[in-house]
Amino acid sequence: MKRINLLIYVLVAFTAAFTVQGCGSNITETITVTKTKLENSLALKTEVVIDEMVSVYTQMDELSFQNEYDNALAGVLANTESEFQSNLTDTSVRKKLYLLTLYKQAVQEYALLADDGFTGKQSAFSKCCTMIQKEFSSLGDSLVSVYAKSINSYLKTPRYDQNEVAKILLKALQSVWEKDVKTFNEKLNDDFAAFQSLLAQMPGEAFSEEKLLKYVYQPYAGKKNLVETYKLNLVKEKRQELRKLVQQQDDISAAVYCINCALTEFLKKDCDKTTVQNYLNRIDILLKGNQVNENEN
(Lines give C-alpha, C1' and ligand atoms only; values in the text may rest on other atoms or scores of the structure.)
Protein backbone atom coordinates (compact mmCIF):
# COMPACT_ATOMS: atom_id res chain seq x y z
CA MET A 1 0.00 0.00 0.00
CA LYS A 2 2.85 2.34 0.92
CA ARG A 3 4.52 1.54 -2.41
CA ILE A 4 1.32 2.40 -4.29
CA ASN A 5 0.97 5.71 -2.41
CA LEU A 6 4.62 6.49 -3.07
CA LEU A 7 4.17 5.73 -6.77
CA ILE A 8 1.12 7.98 -6.94
CA TYR A 9 3.04 10.76 -5.16
CA VAL A 10 5.92 10.48 -7.63
CA LEU A 11 3.55 10.55 -10.59
CA VAL A 12 1.73 13.60 -9.23
CA ALA A 13 5.01 15.40 -8.58
CA PHE A 14 6.27 14.56 -12.07
CA THR A 15 3.02 15.74 -13.63
CA ALA A 16 3.11 18.96 -11.62
CA ALA A 17 6.70 19.62 -12.65
CA PHE A 18 5.85 19.01 -16.29
CA THR A 19 2.83 21.31 -16.05
CA VAL A 20 4.87 24.11 -14.48
CA GLN A 21 7.54 23.76 -17.13
CA GLY A 22 4.92 23.87 -19.86
CA CYS A 23 3.24 26.92 -18.30
CA GLY A 24 6.60 28.61 -17.98
CA SER A 25 7.20 28.10 -21.67
CA ASN A 26 3.80 29.54 -22.52
CA ILE A 27 4.31 32.55 -20.25
CA THR A 28 7.68 33.36 -21.84
CA GLU A 29 6.15 33.01 -25.27
CA THR A 30 3.29 35.33 -24.32
CA ILE A 31 5.69 37.98 -23.00
CA THR A 32 7.73 37.81 -26.21
CA VAL A 33 4.64 38.27 -28.36
CA THR A 34 3.47 41.16 -26.18
CA LYS A 35 6.85 42.90 -26.44
CA THR A 36 6.77 42.49 -30.21
CA LYS A 37 3.26 43.89 -30.36
CA LEU A 38 4.35 46.86 -28.28
CA GLU A 39 7.24 47.53 -30.65
CA ASN A 40 4.86 47.41 -33.59
CA SER A 41 2.44 49.68 -31.74
CA LEU A 42 5.26 52.14 -31.06
CA ALA A 43 6.10 52.13 -34.76
CA LEU A 44 2.46 52.57 -35.76
CA LYS A 45 1.83 55.47 -33.37
CA THR A 46 5.08 57.17 -34.43
CA GLU A 47 4.02 56.88 -38.06
CA VAL A 48 0.65 58.48 -37.21
CA VAL A 49 2.40 61.38 -35.44
CA ILE A 50 4.72 61.87 -38.42
CA ASP A 51 1.69 62.06 -40.72
CA GLU A 52 0.24 64.74 -38.44
CA MET A 53 3.53 66.66 -38.62
CA VAL A 54 3.41 66.47 -42.41
CA SER A 55 -0.11 67.90 -42.28
CA VAL A 56 1.01 70.84 -40.13
CA TYR A 57 4.09 71.60 -42.23
CA THR A 58 1.89 71.54 -45.33
CA GLN A 59 -0.53 73.95 -43.67
CA MET A 60 2.43 76.17 -42.74
CA ASP A 61 3.43 76.33 -46.38
CA GLU A 62 -0.12 77.06 -47.56
CA LEU A 63 -0.75 79.67 -44.86
CA SER A 64 2.47 81.47 -45.66
CA PHE A 65 1.29 81.99 -49.24
CA GLN A 66 -2.21 82.95 -48.07
CA ASN A 67 -0.86 85.47 -45.55
CA GLU A 68 1.40 86.98 -48.17
CA TYR A 69 -1.57 87.46 -50.49
CA ASP A 70 -3.94 88.76 -47.77
CA ASN A 71 -1.44 91.29 -46.47
CA ALA A 72 -0.48 92.46 -49.95
CA LEU A 73 -4.16 92.93 -50.83
CA ALA A 74 -4.82 94.73 -47.55
CA GLY A 75 -1.88 97.02 -48.31
CA VAL A 76 -3.33 97.87 -51.73
CA LEU A 77 -6.77 98.68 -50.29
CA ALA A 78 -5.20 100.72 -47.48
CA ASN A 79 -3.17 102.71 -50.05
CA THR A 80 0.19 101.70 -48.57
CA GLU A 81 3.33 100.88 -50.52
CA SER A 82 4.46 98.13 -48.17
CA GLU A 83 5.42 94.77 -49.63
CA PHE A 84 4.80 91.52 -47.80
CA GLN A 85 6.64 88.29 -48.31
CA SER A 86 6.40 85.34 -45.95
CA ASN A 87 9.68 83.97 -44.63
CA LEU A 88 8.17 80.50 -44.65
CA THR A 89 7.77 80.23 -48.41
CA ASP A 90 11.34 79.09 -48.96
CA THR A 91 12.75 75.59 -49.25
CA SER A 92 12.98 74.99 -45.49
CA VAL A 93 9.45 73.62 -45.21
CA ARG A 94 9.97 71.33 -48.18
CA LYS A 95 13.21 70.08 -46.65
CA LYS A 96 11.38 69.25 -43.44
CA LEU A 97 8.77 67.34 -45.43
CA TYR A 98 11.56 65.31 -47.04
CA LEU A 99 13.10 64.71 -43.61
CA LEU A 100 9.76 63.38 -42.37
CA THR A 101 9.61 61.06 -45.38
CA LEU A 102 12.96 59.61 -44.31
CA TYR A 103 11.70 59.26 -40.75
CA LYS A 104 8.65 57.40 -41.95
CA GLN A 105 10.84 54.99 -43.90
CA ALA A 106 12.97 54.46 -40.80
CA VAL A 107 9.86 53.73 -38.73
CA GLN A 108 8.70 51.15 -41.28
CA GLU A 109 12.09 49.44 -41.19
CA TYR A 110 11.96 49.57 -37.38
CA ALA A 111 8.65 47.68 -37.47
CA LEU A 112 10.17 45.03 -39.75
CA LEU A 113 13.06 44.54 -37.33
CA ALA A 114 10.56 44.08 -34.51
CA ASP A 115 8.75 41.41 -36.52
CA ASP A 116 12.00 39.63 -37.37
CA GLY A 117 13.13 39.59 -33.76
CA PHE A 118 16.56 40.74 -34.95
CA THR A 119 16.92 37.70 -37.20
CA GLY A 120 16.63 39.92 -40.29
CA LYS A 121 19.12 42.41 -41.62
CA GLN A 122 19.44 45.84 -40.06
CA SER A 123 21.09 47.43 -43.08
CA ALA A 124 17.88 49.07 -44.37
CA PHE A 125 17.18 50.70 -41.00
CA SER A 126 20.83 51.79 -40.72
CA LYS A 127 20.68 53.30 -44.20
CA CYS A 128 17.60 55.35 -43.26
CA CYS A 129 19.38 56.59 -40.13
CA THR A 130 22.41 57.63 -42.17
CA MET A 131 20.23 59.50 -44.66
CA ILE A 132 18.49 61.30 -41.79
CA GLN A 133 21.87 62.39 -40.44
CA LYS A 134 22.83 63.79 -43.85
CA GLU A 135 19.53 65.67 -44.07
CA PHE A 136 20.10 67.19 -40.65
CA SER A 137 23.52 68.31 -41.88
CA SER A 138 22.01 69.93 -44.99
CA LEU A 139 19.60 71.83 -42.75
CA GLY A 140 22.56 73.27 -40.88
CA ASP A 141 21.01 72.32 -37.57
CA SER A 142 23.40 72.45 -34.63
CA LEU A 143 21.69 69.39 -33.13
CA VAL A 144 23.14 67.13 -35.79
CA SER A 145 26.59 67.03 -34.23
CA VAL A 146 25.17 65.64 -30.98
CA TYR A 147 22.69 63.18 -32.42
CA ALA A 148 24.88 62.01 -35.30
CA LYS A 149 27.64 61.07 -32.89
CA SER A 150 25.22 59.13 -30.67
CA ILE A 151 23.65 57.29 -33.60
CA ASN A 152 27.00 56.41 -35.18
CA SER A 153 28.19 54.79 -31.95
CA TYR A 154 25.24 52.39 -32.21
CA LEU A 155 25.28 51.76 -35.96
CA LYS A 156 28.97 50.76 -35.89
CA THR A 157 28.19 47.81 -33.62
CA PRO A 158 27.18 44.57 -35.39
CA ARG A 159 24.06 44.06 -33.27
CA TYR A 160 22.64 47.31 -31.90
CA ASP A 161 19.32 47.98 -30.22
CA GLN A 162 17.02 49.71 -32.70
CA ASN A 163 14.92 51.00 -29.81
CA GLU A 164 17.84 53.03 -28.45
CA VAL A 165 18.48 54.46 -31.92
CA ALA A 166 14.78 55.19 -32.36
CA LYS A 167 14.77 57.17 -29.13
CA ILE A 168 17.74 59.28 -30.26
CA LEU A 169 16.10 59.95 -33.63
CA LEU A 170 12.82 60.85 -31.98
CA LYS A 171 14.55 63.29 -29.63
CA ALA A 172 16.23 64.94 -32.62
CA LEU A 173 12.94 65.25 -34.46
CA GLN A 174 11.23 66.63 -31.35
CA SER A 175 13.86 69.37 -31.02
CA VAL A 176 13.56 70.37 -34.68
CA TRP A 177 9.76 70.31 -34.48
CA GLU A 178 9.62 72.53 -31.39
CA LYS A 179 12.05 74.99 -32.95
CA ASP A 180 10.01 75.19 -36.17
CA VAL A 181 6.72 75.60 -34.31
CA LYS A 182 8.17 78.47 -32.27
CA THR A 183 9.52 80.21 -35.39
CA PHE A 184 6.30 79.63 -37.31
CA ASN A 185 4.04 80.98 -34.56
CA GLU A 186 6.18 84.08 -34.13
CA LYS A 187 5.88 84.73 -37.87
CA LEU A 188 2.14 84.11 -37.76
CA ASN A 189 1.73 86.63 -34.95
CA ASP A 190 3.67 89.24 -36.93
CA ASP A 191 1.62 88.58 -40.08
CA PHE A 192 -1.63 88.71 -38.13
CA ALA A 193 -0.71 91.98 -36.42
CA ALA A 194 0.22 93.52 -39.79
CA PHE A 195 -3.06 92.30 -41.31
CA GLN A 196 -5.12 93.84 -38.50
CA SER A 197 -3.26 97.13 -38.80
CA LEU A 198 -3.80 97.36 -42.55
CA LEU A 199 -7.40 96.27 -42.22
CA ALA A 200 -8.06 99.19 -39.88
CA GLN A 201 -6.58 101.57 -42.46
CA MET A 202 -8.87 100.46 -45.28
CA PRO A 203 -11.30 103.29 -46.15
CA GLY A 204 -14.99 102.64 -46.55
CA GLU A 205 -14.73 103.55 -50.24
CA ALA A 206 -12.76 100.34 -50.82
CA PHE A 207 -15.91 98.29 -50.20
CA SER A 208 -19.16 97.89 -52.10
CA GLU A 209 -22.20 98.17 -49.84
CA GLU A 210 -24.21 95.92 -52.13
CA LYS A 211 -21.62 93.16 -51.95
CA LEU A 212 -21.10 93.62 -48.22
CA LEU A 213 -24.73 92.60 -47.67
CA LYS A 214 -23.87 89.14 -49.10
CA TYR A 215 -21.13 88.58 -46.50
CA VAL A 216 -22.49 90.32 -43.39
CA TYR A 217 -25.34 88.23 -42.03
CA GLN A 218 -26.00 90.25 -38.86
CA PRO A 219 -29.02 92.61 -38.98
CA TYR A 220 -26.96 95.80 -39.25
CA ALA A 221 -27.61 98.80 -41.48
CA GLY A 222 -25.44 101.57 -42.85
CA LYS A 223 -22.29 101.16 -44.90
CA LYS A 224 -19.93 102.09 -42.08
CA ASN A 225 -21.39 99.41 -39.79
CA LEU A 226 -21.30 96.85 -42.58
CA VAL A 227 -17.64 97.66 -43.36
CA GLU A 228 -16.51 97.42 -39.75
CA THR A 229 -18.50 94.24 -39.16
CA TYR A 230 -16.99 92.67 -42.28
CA LYS A 231 -13.50 93.58 -41.06
CA LEU A 232 -14.20 92.01 -37.67
CA ASN A 233 -15.47 88.87 -39.36
CA LEU A 234 -12.25 88.64 -41.39
CA VAL A 235 -10.20 88.94 -38.21
CA LYS A 236 -12.37 86.35 -36.46
CA GLU A 237 -12.04 83.82 -39.30
CA LYS A 238 -8.27 84.20 -39.49
CA ARG A 239 -7.92 83.97 -35.72
CA GLN A 240 -10.03 80.78 -35.59
CA GLU A 241 -7.94 79.23 -38.35
CA LEU A 242 -4.72 80.03 -36.50
CA ARG A 243 -6.05 78.78 -33.15
CA LYS A 244 -7.03 75.49 -34.76
CA LEU A 245 -3.53 75.05 -36.18
CA VAL A 246 -1.87 75.96 -32.87
CA GLN A 247 -4.03 73.39 -31.08
CA GLN A 248 -2.96 70.77 -33.62
CA GLN A 249 0.68 71.70 -32.98
CA ASP A 250 0.18 71.35 -29.22
CA ASP A 251 -1.47 67.96 -29.64
CA ILE A 252 1.41 66.71 -31.78
CA SER A 253 3.98 67.97 -29.28
CA ALA A 254 2.12 66.13 -26.50
CA ALA A 255 1.96 62.98 -28.67
CA VAL A 256 5.73 63.08 -29.28
CA TYR A 257 6.22 63.41 -25.53
CA CYS A 258 4.07 60.30 -25.02
CA ILE A 259 6.10 58.31 -27.54
CA ASN A 260 9.30 59.34 -25.77
CA CYS A 261 7.85 58.25 -22.42
CA ALA A 262 6.64 54.97 -23.92
CA LEU A 263 10.07 54.24 -25.40
CA THR A 264 11.81 55.16 -22.16
CA GLU A 265 9.63 52.71 -20.23
CA PHE A 266 9.96 50.06 -22.94
CA LEU A 267 13.77 50.21 -22.75
CA LYS A 268 13.79 49.41 -19.05
CA LYS A 269 14.91 45.90 -18.15
CA ASP A 270 11.65 45.18 -16.35
CA CYS A 271 9.36 47.49 -18.28
CA ASP A 272 5.73 47.93 -17.33
CA LYS A 273 3.91 47.01 -20.54
CA THR A 274 0.67 48.48 -19.24
CA THR A 275 2.35 51.86 -18.78
CA VAL A 276 3.72 51.70 -22.32
CA GLN A 277 0.30 50.88 -23.71
CA ASN A 278 -1.32 53.69 -21.70
CA TYR A 279 1.04 56.22 -23.26
CA LEU A 280 0.19 54.87 -26.72
CA ASN A 281 -3.53 55.04 -25.96
CA ARG A 282 -3.07 58.66 -24.92
CA ILE A 283 -1.78 59.43 -28.42
CA ASP A 284 -5.05 58.19 -29.91
CA ILE A 285 -6.98 60.57 -27.65
CA LEU A 286 -4.72 63.52 -28.49
CA LEU A 287 -4.89 63.07 -32.25
CA LYS A 288 -8.46 61.84 -32.60
CA GLY A 289 -9.89 65.35 -32.98
CA ASN A 290 -7.31 66.27 -35.62
CA GLN A 291 -8.01 63.13 -37.63
CA VAL A 292 -11.77 63.77 -37.52
CA ASN A 293 -11.24 67.32 -38.81
CA GLU A 294 -9.00 66.08 -41.63
CA ASN A 295 -11.62 63.54 -42.68
CA GLU A 296 -14.28 66.26 -42.72
CA ASN A 297 -12.08 68.39 -44.97
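The values are calculated or read from the model by the stated rules, or taken from the named source; none is laboratory data. None of these values were measured; they are calculated from a predicted model. Cβ: placed from backbone, ideal geometry, glycine included. Neighbour counts: every protein chain shown.
No other residue among LEU198, LEU212 is in contact (Cβ under 8 Å) with a residue 40 or more places away in the chain and among the hydrophobic types (A, V, I, L, M, F, W, C) apart from LEU198. Do we find a residue being at pLDDT below 75 and within 22 Å of LYS45 (Cα to Cα) anywhere in segment 121-138? Yes, there is a match, as at least one residue in segment 121-138 is at pLDDT below 75 and within 22 Å of LYS45 (Cα to Cα). Consider segment 252-265 and keep the residues that are in contact with a Lys or Arg (Cβ under 9 Å, 6 or more places away or on another chain) and closer than 12 Å to LEU286 by Cβ. The one that is surrounded by the most Cβ atoms within 10 Å (Cβ to Cβ) is ALA255. State whether one or more residues within segment 176-186 are in contact (Cβ under 8 Å) with a residue 12 or more places away in the chain, under 29 Å from THR101 (Cα atoms) and more than 18 Å from the chain's Cα centre (by Cα). Scanning segment 176-186 turns up no residue that is in contact (Cβ under 8 Å) with a residue 12 or more places away in the chain, under 29 Å from THR101 (Cα atoms) and more than 18 Å from the chain's Cα centre (by Cα). Please enumerate the residues belonging to segment 224-240 that are touching a helix residue (DSSP H, G or I) at 6+ places or on another chain (Cβ under 8 Å), surrounded by 14 or more Cβ atoms within 10 Å (Cβ to Cβ) and of a type in the set (D, E, K, R). Matches in segment 224-240: LYS231, LYS238.
Here's the yes/no breakdown for (1) buried (at least 20 other Cβ atoms within 10 Å of the Cβ); (2) at pLDDT below 90:
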position	(1), (2)
GLU164	no, yes
GLN174	no, no
TRP177	yes, no
PHE184	yes, yes
LEU188	yes, yes
ALA193	no, no
GLN196	no, no
ALA200	no, no
